[in-house]
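To keep things clear, I will list the structure first and then write my remarks on it.
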Amino acid sequence: MGLGDNLMASGLAKGAHARGKRIAFGDGKTIIWDHHSEQIFRGNPNVALPVDTKAGDLEWVHFYRGHRVYNTQVSDGKWKWNYDFKAIPGEIYFSPEEHKFASNVGQGFIAIEPNVPEFKSVANNKRWPLERYKKLARYLGKSGHKVIQFGYGLHRLDGVEQVPVPSFRHAARVLQNAKLYIGPEGGLHHAAAAVGLPAVVLFGGFIPPAVTGYDFHTNLTGGAEACGSLQTCQHCIGAMEAIGVEEVYTAAIERMKVAA
């Protein structure tokens, strides 16, 4: 699972500790984590550790890499989406050091992050054109909004404050101080939901907001149905092209008004 998958898992675990339980993510016999799980589940009393497989307080949830519940892979190289699944905002238990780091960044800004993981075969399907991100940042800056970017990946926004972060957890804690997040569907949009931050999320035509989106976010698809193609797809690229800068800017202003 990726960072976003683990955050969705943390949403499924909410409230377990209050019931005297911990959620075991696995196949009913083995707790199955991936290389991102520890970072997201760290300090979370609702989630059982892999070494706790035999503990007596476990509730098993079959949500793990290869069995994500919200989709299944079909033979034509696409994901089939499970529209009965609805993402629940997750949670991260931050450390004192992470709180301190975020306090040094400040608050009341808009975080924009255009980067998507380059290694993923679906990267092109989830990428809004960089020039549009740059134009959007200029619009927001001229309107008096402070705009930051997390300072990772290949794509930098001119004139935007770069905030290098030691980890994804630090980025998530910084988002807690923001007034809005703008970016693609993925780990940071799930982090925004986990900290209760309003967002404008550029979904395009790959994955449906009805499955991995949140109701207090504005989720833009370019009017496309989600096709789930695991390779570069002209349908998905066209969906992103259909999302204009003015549409995102207007959505951002309106979402901030609702949240105020």
(message) Show the residue pairs meeting these rules: Cβ distance below 6 Å; 6+ apart or different chains; first residue within the stretch 32-47 and under 14 Å from G90 (Cβ atoms); second residue of a type in the set (V, I, T) and modelled with pLDDT of 95 or more.
(response) F41/V47; N46/I23; V47/I23
(message) For the stretch 156-260, give me every one of the helices (runs of 4 or more DSSP H) that falls completely inside it and has 3 or more residues that are free of Cβ contacts under 8 Å to residues at least 12 places away in the same chain.
(response) 245-259
(request) Would you mind listing the strands (runs of 3 or more DSSP E) fully within the stretch 38-130 where at least 3 residues are crowded, with 21+ Cβ neighbours inside 10 Å? (result) 110-112
(message) Here's a check for you: in the stretch 51-82, which residue that is more than 19 Å from the chain's Cα centre (by Cα) and of a type in the set (D, E, K, R) is farthest from V211 (Cα to Cα)?
(response) K54
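The values are calculated or read from the model by the stated rules, or taken from the named source; none is laboratory data. All of these numbers come straight from a predicted model, not from anything done at the bench. Positions of Cβ are backbone-derived with ideal geometry, glycine not excepted, and every protein chain shown enters the neighbour counts.
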